[in-house]
Amino acid sequence: MMTRFVRTTYLSLLVLATGCDGWKTPSEPPASLDAELRQSLSRWGTVPIGPTPAQPAALVDLGQALMFDKVLSGNRDIACATCHNPASHAGDGLPLSIGTGGSGLGPSRTLGPGRQFIPRNAPTLVNAGLGAFYLFWDGRVSGNSFAFQTPAGAALPPGLPNVLAAQAMFPVMNREEMRGAPGDRDRFGNPNELAALGDSDFVAVWQAVMQRLLAIPEYVSKFTAAFPGTPTSELGFQHAATAIAAFETQALTRTDSPFDRYLQHDDAALTAEQKRGALLFFGDTARCASCHGGPLLGGQNFANAGVPQLGPGVGSGAPLDLGRGELFNQEFYKFAFRATPLRNVELTAPYMHDGAFPTLEAVLKHYNDVPRALREYDTSQLPLALQQMYHGDDATIAAVLTNLDGRLTHPLNLSDVEIGELVAFLKSLTDPAARDLTSLIPATVPSGLPVQE
């Protein structure tokens with residue numbers, strides 16, 4: 001319901017805004033900075049976000065345990081929170097994530113023998129519960145509480161309450177992220193029974209994960225408390241995913257930034273520099289809001305932003321990553337990725353689907369002249385292990401630029417001062433409470449596996 005409300009609000013305000021272009025007659029006095037900015041905000045449907053619905057305490061408690069428990073992974077060596085670590089603002093601080101077989105946490109995490117990087121960056125889970133219609137970089141999970149589109153198709157079990165819960169069904173399916181490769185043995189030397197199952201056998205994998213969980217008495221108690229009236233024999237991984245989503249929504253929602261306060265009509269919440277940056281962001285100069293508009297400041301559309309290609313690639317496009325173009329019947333979207341929501345973006349470097357840019361300044365310099373920036377991409381801003389995985393040949397660059405979003409084909413001609421103002425505005429999107437999330441890390445989990453290693 002939250003998703004429908006957010007999208008309906010966004011679309012309604014956008015339709016209303018099309019009749020208000022902000023032109024003034026010569027006799028009108030110049031608008032104040034705040035008046036001009038508020039008019040621009042209304043044009044893009046950027047309105048305050050209300051509180052998220054409170055989640056049942058027992059459901060959140062179960063979700064927290066599952067988020068941090070490595071028992072969900074085939075080799076029992078990686079949890080959801082490994083790549084979405086509260087110590088790294090619910091991301092991992094890496095350009096490309098490191099899944100099962102790796103060691104360490106955060107930016108210092110390293111690949112295990114014979115393993116490869118996850119093809120994409122791990123986006124932060126902060127504010128993931130606000131109700132975006134699309135999830136994952138290519139939007140392969142989408143929908144609302146009435147219907148979902150996912151890689152599982154008809155195999156997706158019923159009863160999932162929202163798209164965030166639907167998304168939580170899939171990391172355990174991914175071999176590189178959590179499930180492991182055929183023949184793997186877990187941290188105790190036992191055969192990895194999850195990895196032995198077929199890649200499209202969604203139901204069998206989900207059942208096998210639940211068999212692990214329900215073999216642990218403490219999990220049986222937690223599931224019983226979270227789903228009273230549901231017999232243990234009827235519990236499925238959809239119940240685990242529902243709990244994970246409840247934890248994310250309850251514990252990781254942070255919407256009290258200076259910009260949020262400004263949206264609630266506190267003119268003093270932003271500095272003059274931040275307001276000038278916001279005018280650039282929402283105006284015709286930088287045009288950022290054309291992808292990052294609406295209440296969520298993004299998350300509702302896709303664009304080929306000419307991002308440098310690096311990493312092992314995905315599917316049929318490997319070693320390139322075609323993004324949404326990899327999905328069936330999405331030729332138009334080659335190299336297009338989800339325009340992510342931007343609240344708390346200051347905290348979630350590196351940026352883009354493959355973490356190609358380490359700073360907000362680097363992102364904005366890329367957008368300032370995308371064709372030139374792509375041709376002149378400097379790999380020294382990448383970790384050494386990824387510098388050799390950059391695909392900067394002429395053919396790749398030409399392929400990316402062929403489908404470049406039309407809004408980015410010409411330079412924006414932003415000055416250094418304007419880039420600085422945009423960065424100042426983006427930093428106004430940070431809720432101070434998002435800066436330290438480490439209190440969310442539990443001391444133990446029901447499986448007894450280590451939480452932080």
Exercise for review: Whenever you get a sec, compute what percent of the accessible area on region 62-115 sits on carbon and sulfur atoms (1.4 Å probe).
Suggested key: 56 percent
Revision key, fill the gap. Relative contact order as a percentage, region 150-207, C-alpha pairs under 8 Å and 6+ apart, gives 28 percent
Exercise for review: Counting only C-alpha contacts under 8 Å and six or more residues apart, can you give the relative contact order of the chain as a whole percent?
Suggested key: 21 percent
**Study point:** Cα-based Rg / Dmax (Å) for region 309-429
**Key:** 14.8, 43
**Study point:** Candidate residues 36, 177: accessible-area rank, largest first, probe 1.4 Å
**Key:** 36, 177
Practice item. Considering only lysines 8 or more places apart in sequence, or on different chains, count the pairs in the chain whose C-alpha atoms sit under 21 Å apart. Key: 5
Review point. Which ³J(HN,Hα) values in Hz, rounded to whole numbers, follow from the phi angles of region 209-224 under the Karplus curve 6.51 cos²θ - 1.76 cosθ + 1.60, where θ = phi - 60° and Gly and Pro get x?
Key: 5, 5, 4, 4, 4, 7, 7, 9, x, 5, 5, 4, 5, 5, 5, 4
Practice item. For region 173-185, just list the computed ³J(HN,Hα) in residue order, Karplus coefficients 6.51, -1.76 and 1.60, θ = phi - 60°, integers in Hz, with x standing in for Gly and Pro. Key: 7, 7, 5, 6, 6, 9, 7, x, 9, x, x, 4, 10
Exercise for review: Putting +1 on Lys and Arg Cβ atoms and -1 on Asp and Glu Cβ atoms, find which of 56, 282, 41 reaches farthest to the positive end of the dipole of the chain.
Suggested key: 56
Practice item. Would you kindly state how much longer the chain becomes between residue 268 and residue 378 on full extension, computed as 0.36 nm times their sequence separation minus their alpha carbon distance, in nm to one decimal? Key: 35.7 nm
Review point. What is the spin-label model distance, in nm, from residue 207 to residue 387 if the labels are put 7 Å beyond Cα along the C-beta direction?
Key: 5.0 nm
Practice item. At 0.36 nm per residue, minus the direct Cα-Cα distance, what do residue 330 and residue 187 gain on full extension? Give it in nm, one decimal, please. Key: 47.5 nm
Exercise for review: May I ask you to compute the full-extension gain from residue 453 to residue 221, defined as 0.36 nm times their residue separation minus their alpha-carbon distance, rounded to one decimal in nm?
Suggested key: 80.9 nm
Revision key, fill the gap. Given a Förster distance of 56 Å, the FRET efficiency implied by the Cβ-Cβ spacing of residue 200 and residue 33, rounded to the nearest 0.05, works out to 0.50
Check your understanding: Over region 185-283, what is the mean sequence separation of C-alpha contacts under 8 Å (at least six apart), divided by residue count, expressed as relative contact order in percent?
Key -> 14 percent
Revision key, fill the gap. Among [x] 189; [y] 169; [z] 145, the value of volume of the Cα convex hull per residue in Å³ computed for this structure carries the label [z]
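The values are calculated or read from the model by the stated rules, or taken from the named source; none is laboratory data. The structure presented is a predicted model; accordingly, all values stated were derived computationally and were not measured. No Cβ is skipped: glycine too gets one built from the backbone with ideal geometry, and neighbour counts run over all protein chains shown. What goes into the accessible areas is simple: the full protein's heavy atoms, side chains included, and nothing from ligands, DNA or RNA. Shrake-Rupley method; radii C 1.70, N 1.55, O 1.52, S 1.80 Å.
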